[in-house]
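**Student:** Questions regarding the structure given below will be posed in turn.
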Amino acid sequence: MLKLYCVNGTKAHTGDPIINGHQTREMILEEVREVSASYVTRLALAINHLNPLVENVYRINTVRDSAQEFKDTLSSLNNDNVEACLTADRRFRAYVLEVDMFLDYWETSISHYKNIGVTTENPGVVTIYKQLFRTLTSDAYDNNLEYQLLDLIRNQTAHVQSPVNRIHIGINGSEAYSFRDVLLKDCKSGENKKKILRSQPEEIALSPLVDVTEQCLENIHAGLIDFQIDNLVMEEIKCIRSFFDYIISKGHLCKPLILMDDKEIPPNPYHIRDMRAYGYLLDRAGKKEETI
């Protein structure tokens, strides 16, 4: 029978304390006895259904991190030599890669029912979700020149050349630039995209492209998460919210919580340990309920 425990820390493992020269630890568990067995079962089902969404909350983090790494690299440069140019180039290419991986992850997950809490039993929801993904990404592209330019530079970076052609070190900060004519020379895109490039100055600053596209992806991410909240997990979120209200009253909120069978940890135990992700979901769900 599933029981609910809170984790009150760790202690040295009592069985085989040393593995590969390291002291192993085991959890110190305290059973939460005030909840009924039926409630624990309902909570386990809610956690299981929410797990993909909890994981998806953090999908945007790699984009944020790589954008910040590019900005930090520019701000730390103190010369504009070849080495500095290559360093900025590497950071920008890393950002472009994370943008690609972020978009590919969501498109693949939605298309193949992975990590989104949807099964083949409700394909209609996936059809709507696919259309939402296309709408969000198309709106970002159509309404933001920086998104269009990053898309063009991304194609060049993948097949032809390095994106950073020059570094400028100034008193108001550093900047990395791509040369418009170099991009045009090797551009394999259609005439409409070439027109976008021709309309740009000779040197295209890359920091604005990172700033704007990062925000675009933030908006895409929020829209995709909100769809899951609205259409796939609202009842489960209500269950988690009522549970959080309860554990707050009992003083357990800051402790990781786990559901398992009489302290026998299963291969994939039901965890409520990422309070920040759950808090994010509850906050977004609460705001949406207020607007209804």
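**Student:** I'd like to verify a number: residues in segment 162-186 that are part of a loop (DSSP other than H, G, I, E, B) and farther than 15 Å from I204 by Cα, how many? Steps first, answer last, please.
**Tutor:** Just the residues of segment 162-186 that are part of a loop (DSSP other than H, G, I, E, B), to begin with: 162-165, 171-172, 186.
Within this subset, residues satisfying the condition of being farther than 15 Å from I204 by Cα are 171-172, 186.
Qualifying residue count, segment 162-186: 3.
**Student:** If you check S138, S189, which single one turns out to be at pLDDT 90 or above and at negative phi? Walk me through how you get there before you give the answer.
**Tutor:** Values: S189 fails: at pLDDT 90 or above.
After ruling out the rest, the residue left standing is S138.
**Student:** Out of all the residues in segment 39-48, is one or more in contact with a Gly (Cβ under 8 Å, 6 or more places away or on another chain), part of a helix (DSSP H, G or I) and modelled with pLDDT under 90? Quick ask: steps written out before the conclusion?
**Tutor:** Of segment 39-48, the ones in contact with a Gly (Cβ under 8 Å, 6 or more places away or on another chain) are none.
No, there is no match, as no residue in segment 39-48 is in contact with a Gly (Cβ under 8 Å, 6 or more places away or on another chain), part of a helix (DSSP H, G or I) and modelled with pLDDT under 90.
**Student:** On to the next question. Kindly indicate the residue of segment 205-230 that is surrounded by fewer than 17 Cβ atoms within 10 Å (Cβ to Cβ) and of a type in the set (D, E, K, R) and also farthest from F102 (Cα to Cα) among those meeting that condition.
**Tutor:** D230
**Student:** Out of all the residues in segment 128-150, which are in a helix (DSSP H, G or I), in contact (Cβ under 8 Å) with a residue 12 or more places away in the chain and not hydrophobic (A, V, I, L, M, F, W, C)? Even if it seems obvious, please write down each step before you answer.
**Tutor:** Initial filter on segment 128-150 (in a helix (DSSP H, G or I)): 128-143, 145-150.
Now restrict to residues that are in contact (Cβ under 8 Å) with a residue 12 or more places away in the chain: 128-130, 132-133, 136-137, 140, 145-150.
Those that are in a helix (DSSP H, G or I), in contact (Cβ under 8 Å) with a residue 12 or more places away in the chain and not hydrophobic (A, V, I, L, M, F, W, C): Y129, K130, T137, E146, Y147, Q148.
**Student:** Answer yes or no: is there a residue in segment 164-177 that is modelled with pLDDT of 85 or more, surrounded by 16 or more Cβ atoms within 10 Å (Cβ to Cβ), over 17 Å from N144 (Cβ atoms) and hydroxyl-bearing (S, T, Y). Before the answer, list the steps.
**Tutor:** So the first thing to find is which residues in segment 164-177 are modelled with pLDDT of 85 or more, and the list is 164-169, 174-177.
Checking the rest, the ones that are also surrounded by 16 or more Cβ atoms within 10 Å (Cβ to Cβ) come to 164-165, 167, 174-177.
Filter again for over 17 Å from N144 (Cβ atoms), leaving 164-165, 167, 174-177.
Next, from what is left, pick out any that are hydroxyl-bearing (S, T, Y): 174, 177.
For segment 164-177, residues modelled with pLDDT of 85 or more, surrounded by 16 or more Cβ atoms within 10 Å (Cβ to Cβ), over 17 Å from N144 (Cβ atoms) and hydroxyl-bearing (S, T, Y): present.
**Student:** Are any residues in segment 62-109 assigned to a helix (DSSP H, G or I) and touching a strand residue (DSSP E or B) at 6+ places or on another chain (Cβ under 6 Å), and if so, which ones? Explain how you work it out, then say what you get.
**Tutor:** As a first pass, look at segment 62-109 and keep what is assigned to a helix (DSSP H, G or I): 62-76, 82-109.
Of everything in segment 62-109, those that are assigned to a helix (DSSP H, G or I) and touching a strand residue (DSSP E or B) at 6+ places or on another chain (Cβ under 6 Å) turn out to be L74, A84, C85, A88.
**Student:** Further question on the same structure: Only one of (1) surrounded by 13 or more Cβ atoms within 10 Å (Cβ to Cβ); (2) at pLDDT 95 or above is not met by E202, so which one is it?
**Tutor:** Of the numbered conditions (1) surrounded by 13 or more Cβ atoms within 10 Å (Cβ to Cβ); (2) at pLDDT 95 or above, the odd one out for E202 is (1).
The values are calculated or read from the model by the stated rules, or taken from the named source; none is laboratory data. Because the structure is a prediction, the values reported are computed rather than measured. Reconstructed Cβ throughout: ideal geometry from the backbone, glycine too, with neighbour counts over all protein chains shown.
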